[in-house]
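Report on the structure given below.
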Amino acid sequence: MSKARQTGIRIRKKGMTALLAGVLLLVTACGITPESKEGMNAEPSPIQAEPEAEAIRVEVLIESDSDSAVNYEVDIDARKHPQSVYLDTIELPYREEFTVPKDTFIPLNSTKVQAEKDEAATWISCTILYDGEVVATHKSRGDTAKAVCEKTFQLGPG
């Protein structure tokens, strides 16, 4: 083997050794030793995770400038626990709550609510809330006003 080739190999070995020593130094410098933990007190997080609810709370609200509404209908299309309500007349403001257990994948497909104003009213509105969050609302005016709210589950954006 030539003398120049032997010198090149020695330089590469020294360079590789220096590189490994540098990496080792960086890795050990990033560690936390028991001595460095002294004086470090962890603070509890101000954000508390709420326990996962076992059911979806569906609320329906009907309002108007009158004391009553007619032809009230609610259809809750839940996979295992569908629910429906049909009433000829309701007193306003009207609020009703339903519970849909989360015992299946996508337990709630859709909720539809509708009600018509009575003769004395000029407007009527409906609102659907899931776990306290408004997901659908509608206000209708006129001689034959009918409020219709619908929330349909869909995968993806929207």
Added length on full extension, which subtracts the Cα-Cα distance from 0.36 nm per residue, Glu91 to Asp65:
8.2 nm
Would you mind computing, in nm to one decimal, how far apart the modelled labels at Phe105 and Glu73 are, each placed 7 Å from Cα along Cα→Cβ?
3.2
13 Å reach of a label modelled at Phe153, 7 Å along Cα-to-Cβ, counting backbone N of segment 108-127:
108-111
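Return one whole number: the accessible area per residue of segment 53-141 in Å², for a 1.4 Å probe. Spell out each step's value before the answer.
Values: 4820 Å² over 89 residues.
Result: 54 Å² per residue.
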Just list whichever of Lys102/Lys146; Lys102/Lys151; Lys117/Lys151; Lys80/Lys112 have alpha carbons separated by over 27 Å in the model shown.
Lys102/Lys146
Just how much of Thr99 is accessible, in Å², when a 1.4 Å probe is used and the result is rounded to the nearest 10?
80
Additional length obtainable on full extension of the chain from Ala18 to Lys80, 0.36 nm per residue less Cα span
15.6 nm
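The values are calculated or read from the model by the stated rules, or taken from the named source; none is laboratory data. If you're wondering where the values come from, they're calculated on a predicted model, not measured in any experiment. With ideal geometry, Cβ positions are generated from the backbone for all residues, glycine too; neighbour counts draw on all protein chains shown. These accessible areas exclude ligands, DNA and RNA; they are computed on the full protein's heavy atoms, side chains included. Shrake-Rupley method; radii C 1.70, N 1.55, O 1.52, S 1.80 Å.
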